[in-house]
Amino acid sequence: MESVALLSFEEQALKIQSLIIYPIKSCRGISVPQASVTQTGFEWDRYWLVVNHKGRAYTQNVEPKLALVEPELPKEAFFEDWEPTKNSFLVVKAPGMSHLKIPLSKPNSVVEGVSMWEWSGSAFDEGEEAAKWFSDYLGKQSRLVRFNKETECRATPPAYAVGYSTTFSNKFPFLVASQASLDHLNTLLPEPVPMNRFRANIVVENGNPYDEDLWDEIKINDLVFKGVRLCYRCKTTTVDQETGVSSAEPIQTLKKFRADTLLMPDKKSQSKVFFGKDMVWNWNIYNRQGKGNKTIKVGDSISVLSKIPSITEAAT
């Protein structure tokens with residue numbers, strides 16, 4: 001009987017179901033068996049950005065065709081401390097387009113005036129071939145740029161996470177969501193949606209729906225992640241990632257039970273709906289310990305170190 005009880009407990013223990021890296025902002029993700037954690041997010045996550053002729057970011061909110069752009073990286077790129085060679089490439093595919101190969105070696109050209117949301121600065125320019133490829137695909141003047149970690153720092157919003165930074169992610173370097181939350185949402189939707197609608201980096205197996213709302217700190221191996229706020233969901237979640245076609249869901253259904261007016265009635269409404277938890281890696285703890293690797297893998301256990309008392313106290 002004891003062994004049966006132990007097995008039941010282990011089956012319910014939180015663990016990583018999947019890890020997803022999105023090399024190009026708003027394009028398809030890559031499901032990987034392991035990922036290297038950095039201060040700005042997973043290695044290679046949101047390193048590239050498609051911009052218009054003014055250097056402003058394109059996202060699926062205005063260019064849903066980006067959902068069909070599929071990036072590929074060498075398998076060894078997801079191992080800690082791997083360095084690209086002259087024969088290492090980011091390969092980009094899309095329907096009706098020839099394959100685009102972007103060298104992973106550092107570009108020579110830098111472009112000024114790149115902007116995304118609150119941030120503006122310089123970035124590496126990936127050249128004319130990449131610019132033509134994305135211009136042809138989107139039907140408007142475009143360029144592909146790469147975040148320059150050597151000269152640029154895009155700070156996370158200080159109201160939520162002081163002293164942290166990210167690349168071309170929306171606001172924070174990590175997004176965590178649970179399969180249980182998606183399973184519950186899908187019972188309410190006219191048609192179920194897959195997790196790729198929500199573009200999570202870490203998908204959690206087991207637990208109860210929306211448990212992640214209350215996670216203040218979680219630990220994976222030697223790495224502690226700090227929950228900073230519930231993730232506000234935008235129009236991108238309504239884009240079918242297989243077709244690039246938008247609809248009203250899942251936003252319409254989320255409004256019925258995941259709106260700020262319902263979850264936090266005592267706070268001023270900002271007309272937001274939520275799914276998943278934005279997080280940062282607390283690298284200060286890691287540096288103090290001075291040990292352990294920075295790689296997490298599918299199947300790794302997740303420990304909840306602390307929780308906030310209630311959903312009404314979740315930072316939004």
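The table for this structure:
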{"quantity": "Residue that is least open to solvent (accessible area, probe 1.4 Å), among those in the range 4-26 that are of a type in the set (Gly, Ala, Ser) and at pLDDT 50 or above", "calculated": "Ser26"}
{"quantity": "Hits in the range 78-103 - residues which are open to solvent by less than 40 Å² (accessible area, probe 1.4 Å) and more than 20 Å from Ser26 (Cβ to Cβ)", "calculated": "Phe78, Ser88"}
{"quantity": "Exclusive hit being closer than 29 Å to Ser246 by Cα, surrounded by fewer than 23 Cβ atoms within 10 Å (Cβ to Cβ) and in contact (Cβ under 8 Å) with a residue 24 or more places away in the chain, set Gly29, Gly121", "calculated": "Gly29"}
{"quantity": "Condition met for Glu43 (within 25 Å of Asn293 (Cα to Cα) and not hydroxyl-bearing (Ser, Thr, Tyr))", "calculated": "yes"}
{"quantity": "Positions within the range 221-255 being out of contact with any helix residue (DSSP H, G or I) (no Cβ under 9 Å at 6 or more places or on another chain), open to solvent by 50 Å² or more (accessible area, probe 1.4 Å) and assigned to a strand (DSSP E or B), in sequence order", "calculated": "Lys226"}
{"quantity": "Enumeration of residues in the range 193-210 that are within 15 Å of the chain's Cα centre (by Cα), in a loop (DSSP other than H, G, I, E, B) and crowded, with 22+ Cβ neighbours inside 10 Å", "calculated": "Arg199, Ala200, Asn201"}
{"quantity": "Options Ser115, Ser109, Ser165: the member that is within 23 Å of the chain's Cα centre (by Cα), over 20 Å from Glu43 (Cα atoms) and among the polar types (S, T, N, Q)", "calculated": "Ser115"}
{"quantity": "Selection within the range 104-118 - open to solvent by less than 20 Å² (accessible area, probe 1.4 Å) and part of a strand (DSSP E or B)", "calculated": "Val114, Met116"}
{"quantity": "The range 145-173 residues that are within 17 Å of Cys27 (Cα to Cα) and free of Cβ contacts under 8 Å to residues at least 60 places away in the same chain, paired with ones that are open to solvent by less than 20 Å² (accessible area, probe 1.4 Å) and assigned to a loop (DSSP other than H, G, I, E, B) (beta carbon under 6 Å, 6 or more apart)", "calculated": "none"}
{"quantity": "The lone exception for Ile218 - which of (1) closer than 15 Å to Ser181 by Cα; (2) buried (at least 20 other Cβ atoms within 10 Å of the Cβ) it fails", "calculated": "(1)"}
{"quantity": "Counted residues, the range 141-169 - those being open to solvent by 10 Å² or more (accessible area, probe 1.4 Å), in contact with a helix residue (DSSP H, G or I) (Cβ under 9 Å, 6 or more places away or on another chain) and in a loop (DSSP other than H, G, I, E, B)", "calculated": "3"}
{"quantity": "Yes/no for Asn186 being over 20 Å from Trp117 (Cα atoms), without any contact (Cβ under 8 Å) to a residue 40 or more places away in the chain and open to solvent by less than 60 Å² (accessible area, probe 1.4 Å)", "calculated": "yes"}
{"quantity": "Qualifying residue in the range 35-56 (condition: surrounded by fewer than 16 Cβ atoms within 10 Å (Cβ to Cβ), within 19 Å of Glu242 (Cα to Cα) and at pLDDT 95 or above)", "calculated": "no"}
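The values are calculated or read from the model by the stated rules, or taken from the named source; none is laboratory data. Remember, predicted model here, so these are calculated numbers, not experimental data. Note that each Cβ is placed from the backbone with ideal geometry, even for glycine, and that neighbours are counted across all protein chains shown. Note: areas computed on protein heavy atoms with side chains; ligands, DNA, RNA excluded. Shrake-Rupley method; radii C 1.70, N 1.55, O 1.52, S 1.80 Å.
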